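Worksheet: the structure to be examined is printed underneath.
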Amino acid sequence: MKHAPIPIRTAVAASVAALGLLAGHAGAQSMADVQKAAQARGLSTADLLAAAKTYTPSGMKDEFVIFSSGGHSGQVHVIGVPSMRLIRTIAVFTPEPWQGWGYGVGNDVLAQGNVAGKPNLWGDTHHPALSETNGDYDGEWLFINDKVNSRVAVIDLRDFETKQILKNPLTVSNHGLCVTPNTEYVVESSQYGVPFGWEYATMDKYKETHRGCVIFWKFDRKQGRIVPGESFALELPPYWQDIVDAGKLASDGFIFINSLNTELATGGVQDKKPPFEAGVSRNATDLLHIVDWKKAEAVFRAGGAKEQFGFPVIPIETSIAEGLLYLTPEPRSPHGVDVAPRGDFIVVAGKLDPHVTVYSAEKIKRAIANKTYSGSDDYGIPILEFDAVVEARVEVGLGPLHTQFGSDGYAYTSLFLDSAIARWTLGGEYGKGTPEPDWTLVHKTPVQYNVGHLGAVHGDTVNPLGRYLVSFNKWSVDRFLHPGPLLAQNFQLIDISGQGANMPVIYDMPIGFGEPHYAQIIRADLLKPWSIYPEVGWDPHKQRIDPMAPKKGMERVTREGSTVEVWMTVVRSQFNPDHVKVKQGDTVIWRMTSLERAVDAVHGFAVPGYNIAVSLEPGETVTVEFIADTPGVFPYYCSEFCSALHLEMMGYLMVEPN
Ligand code: K7E
Ligand code: CUA
């Protein structure tokens, strides 16, 4: 059948005329038009102002970038600020076909996260941590934890790809993740108490058999990898360690971990024992952990750790004897612990206490030096006297969780139960920046709804930049069209450039892919990503040339016994070779190199029936390996619309039956 030709010129002319954009009318929009459009949509002046602050016309770029955990999507999301446009998703713990993540690619980073040889093909990402130099983001690396399997991943921000996944052999779940001020260590805190090494023990001996820990993963910037051989752990009591933040400047050398379940509750609701939710919040206070990591590193280097499941662990007794570990009371069932920009204050929010509790780094150091203890816990760890280390308590509202810092002396705390962001003033040096008195609640901006974390621009570094804050809310309830019973989360952008009560919400962004937790916001100009791989034949897993990469003119299919090797090059718009013939049962090693050097020349490689999906970015080389166990004819094709002849970019894999 023949198609009637489309009268293109007529159609375009008609739509241009309809839009009133014909020559002479272009650029004639006036404020009256703006008002008319606003009126038609029921927008207020505040809405228009918010739009002016966030609307990002085509081609304009964002000033800041959010790296957000993707929650149980097991990924990381990259979002521009102030536009709140999703720019990229980074595959981490979960297979992702667009990026060819987990679909046949050899040297599979995902497989590094196997536990006892068993794949764990999803993750629960919570706390992204950008690499830091002198306590501020440097834009080079990103680390993210997987809470469910206690894993840590390393992402290279030159190509926004995951390079390493580590599973520690000790603990089963983790929660906190942070870096030390020069990224010497990536610090992972365990969450639920378990017997180390995925061993078995019953609940009646919880106190003796279960443990928590904090792991110091040594990061080598030159290699761009964590070096497990130079990493170590500190054994901790089986409280549920929660969030970890590293000290800086005034508190450099320390890390702080909050904890819940210092009650050592073990549940048993089916046996009429108190359920976890009651048992875990019985005590009036829990215990903030204070670890001197520089001293701990020295103890580890001097041989003070003991091997447990192949990992060096500093025992609790050693930590006590060497003065590595202290505790101090914190409001019960705390959640966030956040170190202020100068490192002088440590802010803890207790979910069940309407205050944030602010500790002084100087007072902590003094209490340690003077042994100002109020006792010790059941494991003999000294407890610093609460009154000796506290600087202030600020009543902020219900359900305080996490705190971030602005550029002008304000701190911001998320209020889960109030569904609000509290702005309050810090004291000390910071107090000079704010018109309000020190340590007071200034304003609460309502958010929709149930905020978890919040993130301000460089808001957890030595140099917060203010301007924007994002409230990472849970279920959006009534904010967006309902996509069925599973609700999107809601990221709300808040303008914090004003003072006092001036901190309006200016944008809502639905998150429809797992519940994000923490996120960090960095200046976009600090990121220096590659637009193409440096050389043709580049192996992104190793970040260097692969000597085995197929080269132009050397394309071939070779056989040795029952192993077939394919040496393929890829360029707009052809695969070479485009016939690959193997026999049923052959092992196929298929190497491919993209010869492209243009920024927008990305190809994919998709093979039906064999679960193979590959992304070939300019210059990249990839190897897939499989056993050709299913006979037949399999058209392989490029899965990116790379040219006008993209549909022709294909070939045939022929698997001859036995
Ligand atoms: Cu508050 Cu995992 Cu940081 Cu969720 S955590 S919100
Ligand atoms: Cu290459 Cu489509």
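The values are calculated or read from the model by the stated rules, or taken from the named source; none is laboratory data. Because the structure is a prediction, the values reported are computed rather than measured. Here Cβ is always computed from backbone atoms with ideal geometry, including for glycine, and neighbour counts include all displayed protein chains. With ligands, DNA and RNA removed, areas are computed over all heavy atoms of the protein, side chains included. Shrake-Rupley method; radii C 1.70, N 1.55, O 1.52, S 1.80 Å.
Assorted remarks:
- Net +/- balance of residues flanking T285 in space, Cβ distance below 12 Å, scoring K and R +1, D and E -1: -3
- Accessible surface of F64 - all protein chains present, 1.4 Å probe, nearest 10 Å²: 10
- To the nearest ten degrees, helix 31-41 and the longest principal axis of the Cα atoms of the chain are 80 degrees apart.
- For the range 174-235, convex hull of alpha carbons as volume per residue, Å³: 85
- Gain upon complete extension [A278, V477; 0.36 nm per residue less C-alpha separation]: 68.9 nm
- All alpha carbon pair distances within the range 146-252 were sorted into 5 Å bins beginning at 0; the resulting P(r) in whole percents reads 3, 12, 22, 22, 18, 12, 7, 3, 1, 0.
- Relative contact order %, the chain, counting alpha carbon pairs below 8 Å whose residues are six or more apart: 10
- Spin-label model distance (nm) - M654 vs A40, 7 Å beyond Cα toward Cβ: 6.0
- Sulfur and carbon atoms: percent of accessible area, the chain [1.4 Å]: 56
- Average accessible area per residue (Å²) across the range 524-568 - probe 1.4 Å, nucleic acids and ligands excluded: 59
- Label positions at T133 and K61, each projected 7 Å from the Cα along the C-beta direction, are separated by 1.9 nm.
- Computed on the chain, the Cα convex hull volume stands at 210 Å³ per residue.
- Cut-off 10 Å between beta-carbons: net charge of the residues surrounding R342, Lys and Arg +1, Asp and Glu -1: -1
- Degrees, to the nearest 10: 8-19 long Cα axis against longest axis of the chain: 30
- The slack between Q584 and S562, meaning 0.36 nm per residue of separation minus the straight C-alpha distance, is 7.0 nm.
- Taken about its Cα centre, the range 35-170 carries a charge dipole of roughly 480 debye when the Cβ of each Lys and Arg holds +1 and the Cβ of each Asp and Glu holds -1.
- Estimated FRET transfer efficiency (M203, L121; beta-carbon r; R0 25 Å; 0.05): 0.30
- Between D525 and K551, the C-beta separation translates, for a Förster distance of 35 Å, into a calculated FRET efficiency of about 0.45.
- For the range 355-505, the C-alpha radius of gyration divided by 2.2 N^0.38 Å, with N the number of residues, is 1.22.
- Modelled label positions at D33 and E535, each set 7 Å beyond Cα in the direction of Cβ, lie 5.4 nm from each other.
- Over the range 589-652, all Cα pairs binned in 5 Å intervals from 0 give whole-percent P(r) values of 4, 17, 26, 26, 16, 8, 3, 1, listed from short to long.
- Using alpha carbons only, the radius of gyration of the range 274-324 set against its Kirkwood radius gives Rg/Rh = 1.18.
- Neighbour net charge for H603 - beta-carbon separation under 10 angstrom, K R +1, D E -1: -3
- Taking the range 623-658 and a reference point 7 angstrom along Cα→Cβ of N611, the backbone N atoms nearer than 14 Å belong to 625-630.
- Entry note: the range 106-177 has Rg to Rh equal to 0.99, where both radii use alpha-carbon atoms and Rh is the Kirkwood radius.
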